[in-house]
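Peer 1: Before I ask anything, let me first share the structure, which is written out below as structure tokens.
The values are calculated or read from the model by the stated rules, or taken from the named source; none is laboratory data. Source: prediction; values computed, not measured. Glycine also receives a Cβ, built like all others from the backbone with ideal geometry; neighbour counts cover every protein chain displayed. Note: areas computed on protein heavy atoms with side chains; ligands, DNA, RNA excluded. Shrake-Rupley method; radii C 1.70, N 1.55, O 1.52, S 1.80 Å.
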Amino acid sequence: MKIFWATFIKVLGGLLERPMWMMLLISLCLMSSVYWHRTVQDLPVAVVDQDHSPASRLLIRNLDATDKINTVGYDSLPEAIHDLGFRKLFAVIIMPTDLEKKLLAGKPVTIPVYGDATNRLPNGQIQQDVQAAYQEMLSYYQTERMLASGFSLRQAEVILAPITARTEDVFNPGISFAAIVFPGLLVVLLQHSLLIASVRVRLVLRSQGQPPLLVYMGGLSALLPIWLFLSIVLFVLWPWVLGYRQTASILEILLLTFPFLLAVLGLGKLITECLRRVELIYLTLSFITMPVFYLSGTIWPVQAMPVWVRFVSSCLPTTWATKAIAGVNQMGLPWQSALPDVGMLLLLGAVYTLLGMAIGLVRDGRRLRQLLQRNRG
């Protein structure tokens, strides 16, 4: 155990003396600052009014009252399309001729909208707001027509809206794209940084010969206090600064993060033993970060993936860590509900470690046989 603690103190002291792991906090601040407002808002949208009626002006006011749309008046449609192509606008909405006349006559009305489909998030948000604003204007005119026909206000409300929807705050109240992506982004950052650090420690120790197992364990264990501290910053402090919902305590975050870190250390062992060459290891780590983010279920639900992709996703620590941390820290679920995910993380860590050790023994045995054959020759 003296060897273990000597290595532990040496590696931990080196990490504290040269805190390159603080680069993770800098990159976190830069990457997540785009989500500071938590939702897209005040997107410039062109409005070309070809009707100039009370109905068109009401619809424009409804659009401008939404959080996500900032209407900009245009007299010329070609000019608006030109600015849309140069990304000065996110969409172009046209108030067609005879809009109000068709509404009063009960005829169907089409509101042409030109959107920038290459930017899917704002395009989808604008589409929802246009539909909501149009529905609000339509309800107003339908109510006026029904009142003129002798219906009471209550009767008109019941006919136009027979079902009243109610939303319960379960997952991320005030849900936004940023609130969905944020937990997965933090998990991927934590995994990628720990993979690099653990591989670096293994390579440095291996360069000194064939150290005992306790030396490896001591060096890798020295990473855990640093990355547990980083997990508190990533999952507690920084989301609190940005104003995101937090329902888990620091102890619960640590209990969820610790098995995740063990699984990542096991994955680092497997990657190191499979590749062994420094340039191949770092090149591989740089290429797997983005695929891991997509496969973790943050952007696309795991249940909607093909079966073989779902299998790959289930073999990644990020998938289970994102599910567990998001459930406890955003959804308000009890810590016990994440025990199956914790069990999977521990199982993955053990499987990765055993596979890495087996591959290392095979490769070392092959190298030993080659050296013996050379000596005999």
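Peer 1: Out of the range 322-341, which residues are buried (at least 20 other Cβ atoms within 10 Å of the Cβ) and modelled with pLDDT of 90 or more? Can you show your working first?
Peer 2: We begin by selecting, within the range 322-341, every residue buried (at least 20 other Cβ atoms within 10 Å of the Cβ); these are 322-330, 338, 341.
The one that is buried (at least 20 other Cβ atoms within 10 Å of the Cβ) and modelled with pLDDT of 90 or more: Asp341.
Peer 1: Still on this structure, I have one more. Among residues belonging to the range 217-232 that are open to solvent by 20 Å² or more (accessible area, probe 1.4 Å) and in contact (Cβ under 8 Å) with a residue 24 or more places away in the chain, point out the one that is nearest to the chain's Cα centre (by Cα). If you could, list the steps in order and put the result at the bottom.
Peer 2: Step one: list which residues in the range 217-232 are open to solvent by 20 Å² or more (accessible area, probe 1.4 Å), which gives 217, 220-221, 224-225, 228-229, 232.
With the extra rule that they be in contact (Cβ under 8 Å) with a residue 24 or more places away in the chain, the set shrinks to 217, 220-221, 224-225, 228.
Values: Met217: 32, Leu220: 28, Ser221: 28, Leu224: 24, Pro225: 25, Leu228: 21 Å.
The qualifying residue nearest to the chain's Cα centre (by Cα) is Leu228.
Peer 1: Can we say Ala133 is closer than 17 Å to Val48 by Cα, in contact with a Ser or Thr (Cβ under 7 Å, 6 or more places away or on another chain) and not in a loop (DSSP other than H, G, I, E, B)? Explain how you work it out, then say what you get.
Peer 2: Values: closer than 17 Å to Val48 by Cα: yes; in contact with a Ser or Thr (Cβ under 7 Å, 6 or more places away or on another chain): yes; not in a loop (DSSP other than H, G, I, E, B): yes.
Answer is yes for this residue.
Each row is one residue, and each column tells you yes or no for (1) of a type outside the set (A, V, I, L, M); (2) assigned to a helix (DSSP H, G or I); (3) over 30 Å from Ala222 (Cα atoms); (4) at pLDDT 85 or above.
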| residue | (1), (2), (3), (4) |
| --- | --- |
| Leu16 | no, yes, no, no |
| Trp21 | yes, yes, no, no |
| Ser27 | yes, yes, no, no |
| Gln41 | yes, no, yes, no |
| Leu63 | no, yes, yes, yes |
| Arg87 | yes, no, yes, no |
| Leu104 | no, yes, yes, no |
| Val109 | no, no, yes, no |
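Peer 1: Could we say that Ile271 is within 17 Å of the chain's Cα centre (by Cα), surrounded by 14 or more Cβ atoms within 10 Å (Cβ to Cβ) and either at pLDDT below 90 or assigned to a loop (DSSP other than H, G, I, E, B) (or both) here? Outline the logic, then answer.
Peer 2: On the way: within 17 Å of the chain's Cα centre (by Cα): no; surrounded by 14 or more Cβ atoms within 10 Å (Cβ to Cβ): yes; either at pLDDT below 90 or assigned to a loop (DSSP other than H, G, I, E, B) (or both): yes.
The answer is no for Ile271.
Peer 1: With Arg276, Arg245 as the choices, which residue is of a type in the set (D, E, K, R), within 20 Å of Ile288 (Cα to Cα) and surrounded by fewer than 19 Cβ atoms within 10 Å (Cβ to Cβ)?
Peer 2: On the way: Arg245 fails: within 20 Å of Ile288 (Cα to Cα).
Matching residue, one of Arg276, Arg245: Arg276.
Peer 1: Right, here's the next one. Read through the list (1) of a type in the set (Ser, Thr, Tyr); (2) in a loop (DSSP other than H, G, I, E, B); (3) more than 14 Å from Val130 (Cα to Cα); (4) in contact (Cβ under 8 Å) with a residue 12 or more places away in the chain, then give the number of the only condition that Thr118 fails.
Peer 2: Exception for Thr118: condition (4).
Peer 1: Check Leu103, Leu99 and return the single one that is open to solvent by less than 20 Å² (accessible area, probe 1.4 Å), farther than 14 Å from Val47 by Cβ and either of a type outside the set (D, E, K, R) or in contact (Cβ under 8 Å) with a residue 24 or more places away in the chain (or both). Before you say what the answer is, go through the steps one by one.
Peer 2: Details: Leu99 fails: farther than 14 Å from Val47 by Cβ.
Going through Leu103, Leu99 in turn, just one is open to solvent by less than 20 Å² (accessible area, probe 1.4 Å), farther than 14 Å from Val47 by Cβ and either of a type outside the set (D, E, K, R) or in contact (Cβ under 8 Å) with a residue 24 or more places away in the chain (or both): Leu103.
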